[in-house]
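One structure is given below, encoded as structure tokens.
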Amino acid sequence: MPVNDWLENFGTPIKPNDLESPASALVTFVERYAANIAKFIEARRGQNSELVIFKFKTGKPQDAVYPIQSVECIGVRFIDQIPMPIVYILRDNFPDTDHQHLTHEGEPPAICIDDRTWDEARLTWTPAEFIDRILSWFCRAAYGKLHARRQPLDPVFIHSFFRFFISRKVLNTCKNLDLIAIPIQECTKSFRICSIKDLEFGKPIIPICIISYTIQPDKMKRLTSLPSSFDSLTRLLKDRGLDLLDDLRKLISIGFNNDSNFAWRINSVFGVILEMPIIAPEGDKYNGTDLRAFVTDKSIGEIAVALGVALNAESDKGSKARFVKSIPPCEVDQDALNKITVQSAEVQYEFDRHLATQISGRESVDNRKVVMVGAGAIGSHISDCLIREGRFQWTIIDDDCLLPHNLARHTCYKNDIPQNKALLVARNLSTILGNSPSVARSIPANVMTCNSARQEIDQALEEAELIIDATASLPAERYISDHDATARRICIFFNPSGDAAVLLVEPTDRSLTLRDLEAQYLGLVIRKSSLKGHLTPPSGTYTYTGSCRAITNFIPQSHVMTLSGLISKEITKAVDYEESRIRIWSLRSSGKVKLLQPAVSLVERFESQDWTVTINQGLIRHILTMRETKLPEETGGVLMGIVDIPAKQIQLVDAAQEPPDSKASQYGFERGTSGVQEYFDHVSDQTSGQVRYVGEWHSHPPHVPAQPSSTDLSQIDWLSTLFEIDNLPALMLIAADDHVSIILANQQAQKLNIEECIFTKHSEDHAS
């Protein structure tokens, strides 16, 4: 429609004094302060709105990107029900630029001068700012700088009153489904579009038959007007290479012939959803899709009659479809098509793995299978965080049930008490990503169980690509570390006071296990002054039943959320790289977070009489350095480590320097006792009793191999007598020029090759 005709039909001219605010304020400002930019022409009132018309100086340069004139006629419309003013360009041949609103057919083009909502814009809205935004739009248009690279080519509809939410799966198969619109809340116009097969009994529904189309990038161009009739909708699609009329004729013909659900479909409201690629102004396609929907006010059957492929059924025939096939087809009733109105609808994808991946800033979906053992505070928060980034297919293992005190630090709620935690966490993860069965499943059992769940647990661990220990249990962590599954392991936990979090990540080849990383972590706790009190039990606890074991620590939820977020971020980085990691985050009372990220050392393993002794190369270097500083004399001290008697494993954690009352020479060494007990107490306090005295170490002079001398053998006999009390083998470490040897249970332990340090099954899989 020509602009002059639109103005004539708009309403009645009025005097400036008859304008209401803010239209009146805009005219007053222009006449008093902006006469050099704009000139008031006239005002009109009609269609529940006021229109103020100006001649506006655009300030265009000589070589403008678009053919904008030096002076453009604009109309500012203030609509009663739409607070944000609309700026029309009142020129018939105004160029089709970026950032124009979609308007109804026949309306002039409207420029988008503000990307804020009215609730935000009104806080600072003044006539001066408004005029400045219009001038800025013309300036940016003239220089071709209107469009942000990743914005959709088209703006949001001005007059869109419906909102649809639909999953990608439903959208991609909607031609084969009976779709229904379920109101999300009463008295709203927001609907969830789904298959009738997914309908919950008793839910109010609106039958709707939807066809979706994907517009190819080479056919994509900006929508300039909002179709108001079925005829204009078909022309819009035709212009983009889609023949809606031909598709409808074919689908309706097929339905009449052999579609058992056709009676339901033909009486449904008809809608079209368009998937349009996001195209940048320079023509590049970005990783994004713009969704638009249009809904008619007539049923499929009424549209079919207008298309000439159906007739209204005679009332006495009692047809459930109310329509019969027209044989032969009649002529298209163009007037009837023009009378079928079309309403726009906003469409958004439901939150799924693909959308979660996009929003988290990644390009590829992460479908790796993860088993998480432990569904308590840290497990529930970590999994909740990672699933919202689209990460992993989850199996949750835990035999514990949710109790009232758990709500202080868990992602579940009061109504979930006293259900199994694994079941609850898995259900929540699935709900976040649209109830997809591939998101999460649960195994409500103890990971170390010997009952009927054993086979299911083992199968889940063997199929996993990553295993996360979130149990905060030493037996469980070591069981998970020793399991024959090939998957890489991660261990996460809070310290007892809840002001620090720890992450241990194995390398992908598992040349280091959680046991090895645990030993190196505890070595840091012993030696780092910044970790003083890190594992000290809290001063207060809460007893939630009468049992002596029914206690929990005082840890605020704010700490849990903060630390869980930090761990989650590091997990997303760690799993994409091969190397191992140790990370320790400590919260300060000031709110600052200190991160400790030490280098991780490889390990050497020694075997003797079914016992395995493991020492990391960092500790070996520490021992060799202590030896070097004392040369040419010998030196030595006590060894501290982790002992697992059932597994017959000793992990060496720390080696103390010689006590000051020791006796040393070039030919021998006798360890003193001064300060040794204090050192034992320090180690025990710092590690909460996890690390203990396991043996002795001493050095040999230069060029002397790390073989036990007769004196060493005598000391071994003495150590054996001492350790017999605890049913442990005596352990001695000898440091030579560039290596160490282990004497265990009166025998020199055999050093294992690196290949022997990796589980046999994993080695075979890796080699294959």
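Against the conditions (1) part of a helix (DSSP H, G or I); (2) open to solvent by less than 50 Å² (accessible area, probe 1.4 Å); (3) of a type outside the set (A, V, I, L, M); (4) in contact with a strand residue (DSSP E or B) (Cβ under 7 Å, 6 or more places away or on another chain), residue 50 satisfies every one except (1).
Given 392, 351, which one is surrounded by 15 or more Cβ atoms within 10 Å (Cβ to Cβ) and either at pLDDT below 90 or in a strand (DSSP E or B) (or both)? Working first, answer last.
Numbers: 351 fails: either at pLDDT below 90 or in a strand (DSSP E or B) (or both).
After ruling out the rest, the residue left standing is 392.
Scanning segment 569-601 for residues that are of a type in the set (Ser, Thr, Tyr), assigned to a loop (DSSP other than H, G, I, E, B) and surrounded by 15 or more Cβ atoms within 10 Å (Cβ to Cβ) yields a total of 2.
Conditions tested, residue by residue: (1) in contact with a Phe, Trp or Tyr (Cβ under 9 Å, 6 or more places away or on another chain); (2) modelled with pLDDT of 90 or more; (3) open to solvent by 70 Å² or more (accessible area, probe 1.4 Å).
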position	(1), (2), (3)
675	no, yes, no
684	no, yes, no
690	no, yes, no
699	yes, yes, no
723	no, no, no
754	no, no, yes
761	no, no, yes
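Only one of the numbered conditions (1) assigned to a strand (DSSP E or B); (2) surrounded by fewer than 22 Cβ atoms within 10 Å (Cβ to Cβ) is violated by residue 371, and that is (2). The requirement of being of a type in the set (Val, Ile, Thr), in contact with a strand residue (DSSP E or B) (Cβ under 7 Å, 6 or more places away or on another chain) and either more than 23 Å from residue 232 (Cα to Cα) or part of a loop (DSSP other than H, G, I, E, B) (or both) is not satisfied by residue 65.
Assess whether residue 42 counts as being in a strand (DSSP E or B), open to solvent by 40 Å² or more (accessible area, probe 1.4 Å) and among the charged types (D, E, K, R). Yes: the conditions hold for residue 42. When we screen 631, 566, 639 for residues that are farther than 30 Å from residue 364 by Cβ, open to solvent by 10 Å² or more (accessible area, probe 1.4 Å) and touching a residue at least 60 places away in the same chain (Cβ under 8 Å), the only hit is 631.
The sole residue among 301, 271 that is surrounded by 21 or more Cβ atoms within 10 Å (Cβ to Cβ), modelled with pLDDT of 65 or more, more than 22 Å from residue 329 (Cβ to Cβ) and in contact with a strand residue (DSSP E or B) (Cβ under 7 Å, 6 or more places away or on another chain) is 271. Is it the case that residue 105 is open to solvent by 60 Å² or more (accessible area, probe 1.4 Å), modelled with pLDDT under 90 and closer than 27 Å to residue 225 by Cβ? Considered against the rule, which asks whether it is open to solvent by 60 Å² or more (accessible area, probe 1.4 Å), modelled with pLDDT under 90 and closer than 27 Å to residue 225 by Cβ, residue 105 comes out as yes. Scan segment 54-73 and tell me whether some residue there is closer than 20 Å to residue 228 by Cα and open to solvent by less than 30 Å² (accessible area, probe 1.4 Å). So far as segment 54-73 goes, no, none of its residues is closer than 20 Å to residue 228 by Cα and open to solvent by less than 30 Å² (accessible area, probe 1.4 Å). Considering (1) acidic (Asp, Glu); (2) within 51 Å of the chain's Cα centre (by Cα); (3) outside any loop (DSSP other than H, G, I, E, B); (4) more than 30 Å from residue 478 (Cα to Cα), the lone condition that residue 712 does not fulfil carries the number (2).
Looking across segment 711-721, the residues that are out of contact with any strand residue (DSSP E or B) (no Cβ under 8 Å at 6 or more places or on another chain) and either of a type in the set (Ser, Thr, Tyr) or open to solvent by less than 10 Å² (accessible area, probe 1.4 Å) (or both) come down to 711, 714, 720, 721.
The values are calculated or read from the model by the stated rules, or taken from the named source; none is laboratory data. Predicted model only: the values in this text are computed from it and were never measured. Neighbour counts run over all protein chains shown; Cβ positions are idealised from the backbone, glycine included. We work out accessible area using only protein heavy atoms, side chains counted, and drop any ligands, DNA or RNA first. Shrake-Rupley method; radii C 1.70, N 1.55, O 1.52, S 1.80 Å.
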